[in-house]
Amino acid sequence: MIGAGYVGLVSGACFSEFGANVVCVDLNQERIAALEAGKIPIYEPGLTTLVTRNRESGRLKFTTDLASAVGEADLIFIAVGTPTRRGDGHADLGYVYAAAKDIAAHLSGYTVIVDKSTVPVGTAAQVKRIIAENNPEADFDVASNPEFLREGAAIGDFMRPDRVVLGVESERAERLLRELYRPLNLIEAPIMVTDLESAELIKYAANAFLATKISFINEISQLCEAVGADVHAVAKGMGLDGRIGKKFLHAGPGYGGSCFPKDTLALVRTAQEYGVSSRIVEAVVEVNAAQKARMVKKIRHALGGSEAGKRIAVLGLTFKPETDDMRDAPSLSILPPLVDKGAHIVAHDPQGMHEAKPLLPESVEYASDIYAAIKDADALVLMTEWNAYRGLSLSRVRSMMRGNAFIDLRNVYEPESMKAAGFNYTCVGR
């Protein structure tokens, strides 16, 4: 595994659990040293146990020595970052191409180089070209095996996948990849084999469609507020239709994370590059940005029109529960404008505060305890629906707050019970 970040580490640990001998390679010496010492640099439920068990068995190793790892490998997965390129929205493939060049110099015997990173259409062909140019004698194939891991549920997603997509150009490559994934035959997990370009596009198309469902229900939530409808009832009525399904129809502050924001932008840019319309995905991106801005106005309105001098308790900072990932989290768009207008933010998050500190304004305070964040607050904003926030003692919260504004951006609580508890309750689409 080239790259010991989120995708590389989770995939490497799971492959070793399948029985494969896995070496995770990363240039970050501190990360590798931490992993060798048994310290996991990211929060993902179940990952520490999985890594520890397979390290102790000898099936999972970590190194900065790319040459030795590549020379012994039958399969090499490129699992490096592909962030949004500053300025134009394209996926930055610099790390992928650098990895391909480094791999080329050390190949020995037949090897399959697999793009595991989320990459635009045509990347596998470029990786193939780079390796061939840098090592004309190399015996290799390039494949695409996109990941479909949900942060917070990645181990389960890998071990019990909806599908495994293999983009290949040869029977040899397909045979090796099928053998690697053979343990999934026991649960009859669908393994779909297709061409390189289709495999690359499947990941982007899937993420764009899920992001579309989120932006759609968020736009409907605005209409619900205008006409007096309940977005929960509307979403349930839609989701009971088997053609639509209930997942990702949850109104909230907009999507974030490591995938949807960058993948929707990259898909738009790819379409533009090929002269193809992508008006739906473009609208999804616009609606998502507008939803985050609307949340700022919602909080401001709940505070009587001005947040200046108000103490606001914020519960949850990460883009979703069960992760410490702050990438494109809605809190990063919603909280700074409030701070700029004079709000005093006191935040709590079960896992994300360390990651949040360098990304949010310096004036934001962080509380190690939920109720310490709430104390003397004029308003409480529930930003991320961690389980720890689902069963708050409402009487205690109300007695500890100075004001009574409760802004629930995840619709965790019921309006009637919140009003009965003495809160000026604000939610999304109800």
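The values are calculated or read from the model by the stated rules, or taken from the named source; none is laboratory data. Remember, it's a predicted structure, so these values are computed and weren't measured experimentally. Because the Cβ atoms are built from the backbone with ideal geometry, glycine has one as well, and the counts that use them run over all protein chains shown.
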**Message:** Just to be sure I understand, how many residues within segment 16-25 are crowded, with 23+ Cβ neighbours inside 10 Å and either outside any strand (DSSP E or B) or in contact with a His (Cβ under 7 Å, 6 or more places away or on another chain) (or both)?
**Reply:** 1
**Request:** Looking only at segment 149-172, decide whether some residue is hydrophobic (A, V, I, L, M, F, W, C), surrounded by fewer than 20 Cβ atoms within 10 Å (Cβ to Cβ) and farther than 25 Å from GLY257 by Cβ.
**Result:** no
**Asked** Tally time: how many residues in segment 384-430 are surrounded by 15 or more Cβ atoms within 10 Å (Cβ to Cβ), of a type in the set (Ser, Thr, Tyr) and without any contact (Cβ under 8 Å) to a residue 40 or more places away in the chain?
**Response** 2
**Complete:** If we keep only residues of segment 187-246 that are crowded, with 17+ Cβ neighbours inside 10 Å and among the basic types (Lys, Arg), then the residue modelled with the lowest pLDDT is LYS203
**Residue in segment 366-375 that is in a strand (DSSP E or B) and within 31 Å of the chain's Cα centre (by Cα) present** = yes
**Request:** Considering every residue within segment 293-302, establish whether at least one is under 25 Å from the mean Cα position of the chain (by Cα) and either over 17 Å from LEU332 (Cβ atoms) or among the hydroxyl-bearing types (Ser, Thr, Tyr) (or both).
**Result:** no
**Item:** Candidates LEU201, LEU223, filtered to the one that is without any contact (Cβ under 8 Å) to a residue 24 or more places away in the chain and among the hydrophobic types (A, V, I, L, M, F, W, C)
**Value:** LEU223
**Item:** Residue list for segment 64-102, filter: crowded, with 19+ Cβ neighbours inside 10 Å, under 18 Å from VAL23 (Cβ atoms) and either of a type in the set (Val, Ile, Thr) or not assigned by TED's automatic domain parsing to the domain that holds VAL25 (or both)
**Value:** VAL70, ILE76, ILE78, VAL80
**Complete:** Pairing a residue in segment 292-317 that is assigned to a loop (DSSP other than H, G, I, E, B) with any residue that is among the charged types (D, E, K, R), where Cβ atoms lie under 6 Å and the two sit 6 or more apart in sequence or on different chains, gives LEU303/LYS310; GLU307/ARG300; GLU307/LYS341; ALA308/LYS341; LYS310/ASP378; GLY316/ASP349; LEU317/ASP349
**Asked** What's the number of the condition GLY87 fails, among (1) in a loop (DSSP other than H, G, I, E, B); (2) in contact with a strand residue (DSSP E or B) (Cβ under 6 Å, 6 or more places away or on another chain); (3) not aromatic (Phe, Trp, Tyr)?
**Response** (2)
**Prompt:** Looking at THR323, THR270, which is the one that is touching a residue at least 12 places away in the same chain (Cβ under 8 Å), of a type outside the set (Lys, Arg), part of a helix (DSSP H, G or I) and within 23 Å of VAL119 (Cβ to Cβ)?
**Reply:** THR270
